[in-house]
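K.L.:
Quick one: the structure is below, and I'll ask about it shortly.
The values are calculated or read from the model by the stated rules, or taken from the named source; none is laboratory data. Keep in mind that what you see is a predicted model, and the values were worked out from it rather than measured. FYI the Cβ positions are ideal-geometry reconstructions off the backbone, even for glycines, and counts take in every protein chain you see.
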Amino acid sequence: MNDSHSLELFDVSKRYGTHIALDGVSLEVPQGSIFGLLGPNGAGKTTLIRMVAGITGPDQGSISYFGQPMSSEHVSSLGYLPEERGLYKNMRVGEQAMYFARLRGMGKKEAERELVDWFDRLEVNGWWDKEVADLSKGMAQKIQFIVAVLHKPKFLILDEPLSGFDPINASRIRAEINRLRDEFGTTILLSTHDMSSVDELCDHVALINNGKKILEGPVSSLREKARAGRIELKFRGNLIGFTAALGAGAVLHEASSLGDNMHDVVLGLPPSIPIEKFLKWATSEVDVLSCTPKSVSMDEVFLHAVQAVSNTVSS
Ligand code: ATP
């Protein structure tokens, strides 16, 4: 067990009848990280989250929370936004938010103060006396988000926190998720299909596929690995002459014309050629306009990893 991790899973498995939903998954969620749990539909993300939230137990393996075996007290202290949204339809918004705050052990004054602050932040001030049944999906989701974070949990689980939000509200919620980490040091475990939010939010990710973890690590190093030495070079000059001069030193992956004898190429450099050395050579051949490491989105990282696993299985 490691104190610098908020959560650790050791060889966790879960079976539903004959179906293995999670198959020997181990994970380490660093303290103060925003940790993205990614994977195709049915991969096992919600099963894993429900285990951490104490809704279901593992058939095998164990979970540790801030260096201790996870207990029911730990479970009741964390913040949890479940995938299936559930507010009591026949209650008013303010009444319900207060009810959940008190369940989390907050005093009345403290709960009121925090609720006023959060209602202000998420611009839902006028909703206190609204009936829950009258809320739209996105509106109800804002209230559930507030209820999950109100008691300032040190560990927060968000299952698909951005589904159902329009772009403006999704961006507002993303900003709040970042603020919780930056201002309060909250560790956040979130599952999502939205890769743009992974690019914007997560510093660590794990990718689950068919109940197995197939990738885990800091986003920056996973991107760097997937980049595999590729660089993007823009230059003015003769493309054919330039690619011939490349010889066996670099591989041309893509080339497009920018017009006016300018070109945009993606090249794969072998590890033995540092980008600075290549740039020195390229500058002697053509008029280099820019040279940058090829940017790799988390979408690409995700697709490559899933494809690599299916190729291994089918070969
Ligand atoms: P999605 O992205 O679609 O929400 P997920 O990664 O969250 O998917 P899970 O909900 O964890 O996936 O489901 C993993 C597998 O376990 C699926 O095949 C699902 O059908 C199965 N499963 C999940 N919960 C149960 C249950 N209560 N009973 C039977 N099977 C279940």
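K.L.:
Counting only residues that are assigned to a loop (DSSP other than H, G, I, E, B) and at pLDDT 90 or above, which one in segment 149-164 is surrounded by the most Cβ atoms within 10 Å (Cβ to Cβ)?
P.N.:
Looking at the filtered set, the residue picked out is Pro161.
K.L.:
I'm told Ile55 meets every condition in (1) in contact with a helix residue (DSSP H, G or I) (Cβ under 9 Å, 6 or more places away or on another chain); (2) part of a helix (DSSP H, G or I) except one. Can you identify the failing condition by its number?
P.N.:
(2)
K.L.:
Take segment 214-250 and flag every residue that is over 30 Å from Gln31 (Cα atoms), hydrophobic (A, V, I, L, M, F, W, C) and loosely packed, with under 14 Cβ neighbours inside 10 Å.
P.N.:
Those that are over 30 Å from Gln31 (Cα atoms), hydrophobic (A, V, I, L, M, F, W, C) and loosely packed, with under 14 Cβ neighbours inside 10 Å: Ile240, Ala244, Ala248.
K.L.:
Which ones in segment 129-143 are surrounded by 20 or more Cβ atoms within 10 Å (Cβ to Cβ) and either outside any helix (DSSP H, G or I) or without any contact (Cβ under 8 Å) to a residue 24 or more places away in the chain (or both)?
P.N.:
none
K.L.:
Residues that are surrounded by 16 or more Cβ atoms within 10 Å (Cβ to Cβ) and of a type in the set (Phe, Trp, Tyr): does segment 275-291 have at least one?
P.N.:
The answer is yes, given that some residue of segment 275-291 is surrounded by 16 or more Cβ atoms within 10 Å (Cβ to Cβ) and of a type in the set (Phe, Trp, Tyr).
K.L.:
Restricting attention to segment 146-163, and to residues there that are touching a Ser or Thr at 6+ places or on another chain (Cβ under 6 Å) and hydrophobic (A, V, I, L, M, F, W, C), which single residue is nearest to the ligand (Cβ to nearest atom)?
P.N.:
Leu162
K.L.:
Turning to a different aspect of this structure: Here is a check on your reading of the model: is Ser136 polar (S, T, N, Q) and either within 16 Å of the ligand (Cβ to nearest atom) or touching a helix residue (DSSP H, G or I) at 6+ places or on another chain (Cβ under 7 Å) (or both)?
P.N.:
The answer is no for Ser136.
K.L.:
In segment 190-210, which residues are within 13 Å of the ligand (Cβ to nearest atom) and either modelled with pLDDT of 95 or more or in a strand (DSSP E or B) (or both)?
P.N.:
Residues satisfying the conditions are Leu190, Ser191, Ala206, Leu207, Ile208, Asn209.
K.L.:
Taking into account only those residues within segment 74-125 that are in contact with a Pro (Cβ under 9 Å, 6 or more places away or on another chain) and outside any helix (DSSP H, G or I), which is surrounded by the fewest Cβ atoms within 10 Å (Cβ to Cβ)?
P.N.:
Start the filter on segment 74-125 by keeping residues that are in contact with a Pro (Cβ under 9 Å, 6 or more places away or on another chain), which leaves 77-81, 104.
Filter once more, keeping what is outside any helix (DSSP H, G or I): 78-81, 104.
On the way: Leu78: 22, Gly79: 22, Tyr80: 21, Leu81: 21, Arg104: 16.
Going through the qualifying residues, I end up with Arg104.
K.L.:
Consider Leu180 carefully, then state whether it is among the aliphatic types (A, V, I, L, M) and more than 13 Å from Asp299 (Cβ to Cβ).
P.N.:
Considered against the rule, which asks whether it is among the aliphatic types (A, V, I, L, M) and more than 13 Å from Asp299 (Cβ to Cβ), Leu180 comes out as yes.
K.L.:
Kindly evaluate Ile146 against the criterion of being in a helix (DSSP H, G or I), farther than 18 Å from Glu83 by Cβ and more than 15 Å from the chain's Cα centre (by Cα). Before the answer, list the steps.
P.N.:
Numbers: in a helix (DSSP H, G or I): yes; farther than 18 Å from Glu83 by Cβ: no; more than 15 Å from the chain's Cα centre (by Cα): yes.
Judged against the criteria, Ile146 is not a match.
K.L.:
Determine which member of the set Gly79, Gly67 is more than 23 Å from Gly211 (Cβ to Cβ), over 20 Å from the mean Cα position of the chain (by Cα) and away from the ligand (no atom under 16 Å from the Cβ).
P.N.:
The conditions single out Gly67.
K.L.:
Assuming Ile49 fulfils every condition listed in (1) more than 18 Å from His151 (Cβ to Cβ); (2) in contact with a Pro (Cβ under 9 Å, 6 or more places away or on another chain); (3) in a strand (DSSP E or B) apart from one, which condition is it?
P.N.:
(3)
K.L.:
Among the candidates Ala101, Ala43, single out the residue that is touching a residue at least 40 places away in the same chain (Cβ under 8 Å), within 13 Å of the ligand (Cβ to nearest atom) and farther than 16 Å from Phe10 by Cα.
P.N.:
Numbers: Ala101 fails: within 13 Å of the ligand (Cβ to nearest atom).
Matching residue, one of Ala101, Ala43: Ala43.
K.L.:
Sticking with this one: Hey, Ser62 hits all of (1) within 13 Å of the ligand (Cβ to nearest atom); (2) in contact with a Phe, Trp or Tyr (Cβ under 6 Å, 6 or more places away or on another chain); (3) not hydrophobic (A, V, I, L, M, F, W, C) but one; which does it fall short on?
P.N.:
(1)
K.L.:
In contact with a Gly (Cβ under 8 Å, 6 or more places away or on another chain) and in the same structural domain as Gly32 (by TED's automatic domain parsing): is that true of Asn261 in this structure?
P.N.:
No.
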